[in-house]
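Engineer: Before I ask anything, here is the structure I am working with.
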Amino acid sequence: MFFHEKTYDIDELVRWNMHLHTVFSGCAKREMNARDIVKAADAAGLDMIALTDHNYIDKPNAVAQQRYDIIRELDGFEHNVNVLIGAELSSYGIGKFADDIACDNSLDYRLYTTNHYHQKYWEHPENKTPRGYAEHMLAIMDKVIESGRVDCFAHPFMAGYIHCFDDSHDVTRAFTDNEIGDIMEKAHKNEIAWELNVPAVFGDPDFFHRYFQIGKEVGVVFNIGSDGHSLDRVDTKQFAERFKEILY
């Protein structure tokens, strides 16, 4: 399990980019081969990156094989940045996983998404209200925590993938402070981190300011991830000042 010492200093957190997609993710640009990502990370002076390609329900456990393909690609390639080869894994319903636990345990970094509601196979709540979706996300996260197969939650609580509301922020407003704090505390006790995801934070600044403040009060570990699908998103340092404006 990957878990580092906590810090709430944005200048420290942006030295890591813990959410990057390679060409193994169909949504990433063709320039996102592992070597060029690592070159960009070195040029930016980053200390650590995580390569976190999507897993797909119709290709179960493929990310485990992709890890070995990336290892071969980087074999003999000199670089300074520490590279973790993981995946953005899917819990697409309450207690439902798109791969098996052996696959998860073969990865350096297990980043779990619980809110890709735009995917056709994703489970939706019976109560299709903002409150219904908030409760559904919490229930999925609770089961992921109990599974012991996660290092960090990807873009947690974000509602941008729910397309049935005029304002998806109605969903994030439906979470209570106590609910956010309780699920964060449960995850922290299980050595699970919480992501500060660039597009999520920038897209819903009011909620993620609240999220960051609650997380600090609970004492959780945060990881920053750009959710990068192109080389210009590898350098997380470029986002530091905007993060400070929103989160502090």
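The values are calculated or read from the model by the stated rules, or taken from the named source; none is laboratory data. Computed from a prediction, not measured in an experiment: that's the story for all the values here. Here Cβ is always computed from backbone atoms with ideal geometry, including for glycine, and neighbour counts include all displayed protein chains. Remember, those area values only see protein heavy atoms, side chains included, never the ligands or the DNA or RNA. Shrake-Rupley method; radii C 1.70, N 1.55, O 1.52, S 1.80 Å.
Engineer: Starting at the first residue of region 182-197, write each ³J(HN,Hα) from the Karplus equation 6.51 cos²θ - 1.76 cosθ + 1.60 with θ = phi - 60°, in whole Hz, x for Gly and Pro.
Structural biologist: 5, 6, 5, 5, 4, 5, 4, 4, 9, 6, 10, 8, 10, 8, 9, 8
Engineer: What whole-number value in Å² describes the accessible area per residue of the chain for a 1.4 Å probe?
Structural biologist: 42
Engineer: Leaving ligands, DNA and RNA out of it, report the carbon-plus-sulfur percent of the accessible area of the chain at a 1.4 Å probe.
Structural biologist: Its accessible area is 46 percent carbon and sulfur atoms.
Engineer: Something else now. List the residues, sorted by chain then number, that are 5 or more residues from N17 or on another chain and whose placed amide H is less than 5 Å from its amide H.
Structural biologist: Residues meeting the amide H criterion: M48, I49, A50.
Engineer: As an exercise, use a Förster radius of 30 Å and the Cβ-Cβ distance of N82 and Q238 to find the FRET efficiency, rounded to the nearest 0.05.
Structural biologist: Efficiency at R0 = 30 Å is approximately 0.90.
Engineer: Another question about this same structure. Of the listed values [x] 1.15; [y] 1.11; [z] 0.95, identify the label whose number matches Cα Rg over 2.2 N^0.38 Å calculated from this model.
Structural biologist: Matching entry in [x] 1.15; [y] 1.11; [z] 0.95: [z].
Engineer: Here is a further query. Starting from the Cα gyration tensor of region 70-194, take the square roots of the eigenvalues, sort them a ≥ b ≥ c, and report rounded, prolate or oblate (rounded when a/c is under 1.5, otherwise prolate if a/b is larger than b/c, else oblate).
Structural biologist: prolate
Engineer: While we're here: Return a single number: how many Lys pairs in the chain, at a sequence separation of 8 or more or on separate chains, have alpha-carbon atoms below 19 angstrom apart.
Structural biologist: 17
Engineer: Which chymotrypsin sites (Phe, Trp or Tyr not before Pro) does region 16-105 hold that lie in a coil by DSSP with at most 15 other beta carbons within 10 Å?
Structural biologist: Here the chymotrypsin sites (Phe, Trp or Tyr not before Pro) that fit, given the DSSP loop and packing criteria, are F77.
Engineer: Between the DSSP loop rule and a limit of at most 10 other Cβ atoms within 10 Å, which trypsin sites (Lys or Arg not before Pro) in region 7-60 are left?
Structural biologist: Those that pass, being in a loop and sparsely packed, are R30.
Engineer: Which of G26, G148, G219 moves the most in a Gaussian network model of the chain with Cα springs under 10 Å?
Structural biologist: The residue that fluctuates most here is G26.
Engineer: Hey, can you grab everything whose amide H is under 5 Å from the amide H of E195? Only 5+ residues off in sequence or another chain; H modelled, so Pro and N-termini drop out.
Structural biologist: F153, H155, N223
Engineer: Now, a different point. Using Cα springs under 10 Å in a Gaussian network model of the chain, which residue among H169, H188, H79 shows the largest mean-square fluctuation?
Structural biologist: Most flexible of the set in this elastic network: H79.
Engineer: When only C-alpha pairs under 8 Å and at least 6 residues apart count, what is the relative contact order of the chain, in percent?
Structural biologist: For the chain, the relative contact order is 26 percent.
Engineer: Ok, one more. Apply 1/(1 + (r/R0)^6) to the Cβ-Cβ distance of D206 and Q119, taking R0 = 22 Å, and write down the FRET efficiency to the nearest 0.05.
Structural biologist: Step by step, r from the Cβ atoms, then E = 0.25.
Engineer: Also, I was wondering about something else. Taking the chain as a Gaussian network, where each spring joins two C-alpha atoms under 10 Å apart, which residue of F157, F222, F165 fluctuates the most?
Structural biologist: Between F157, F222, F165, it is F165 that shows the largest mean-square fluctuation.
Engineer: When only DSSP loop residues count, what GluC sites (Glu not before Pro) in region 1-100 have their Cβ near at most 14 other Cβ atoms within 10 Å?
Structural biologist: E5, E31, E78
Engineer: Only four residue types carry charge here, +1 at the Cβ of Lys and Arg and -1 at the Cβ of Asp and Glu. Report the dipole size of region 1-43 about the Cα centre in Debye, rounded to the nearest 20.
Structural biologist: Approximately 300 debye in magnitude.
Engineer: Once every DSSP H run of n ≥ 4 in the chain is given -39500 (n - 2.57) and the sum is divided by its residues, what mean residue ellipticity at 222 nm do you get, rounded to the nearest 500 deg cm²/dmol?
Structural biologist: Result for the chain, helices only: -11500 deg cm²/dmol.
Engineer: Calculated FRET efficiency, Y68 and D166, Cβ-Cβ r, R0 41 Å, to nearest 0.05?
Structural biologist: Approximately 0.35, to the nearest 0.05.
Engineer: Just how large is the dipole of the chain about the Cα centre, in debye to the nearest 20, putting +1 at every Lys and Arg Cβ and -1 at every Asp and Glu Cβ?
Structural biologist: For this selection, approximately 300 debye.
Engineer: Convert each backbone phi in region 127-134 into a coupling constant with the Karplus relation 6.51 cos²θ - 1.76 cosθ + 1.60 (shift: θ = phi - 60°), then list the ³J(HN,Hα) values in order as whole Hz, x for Gly and Pro.
Structural biologist: Working through the residues one at a time gives 8, 8, 10, x, 5, x, 5, 4 Hz.
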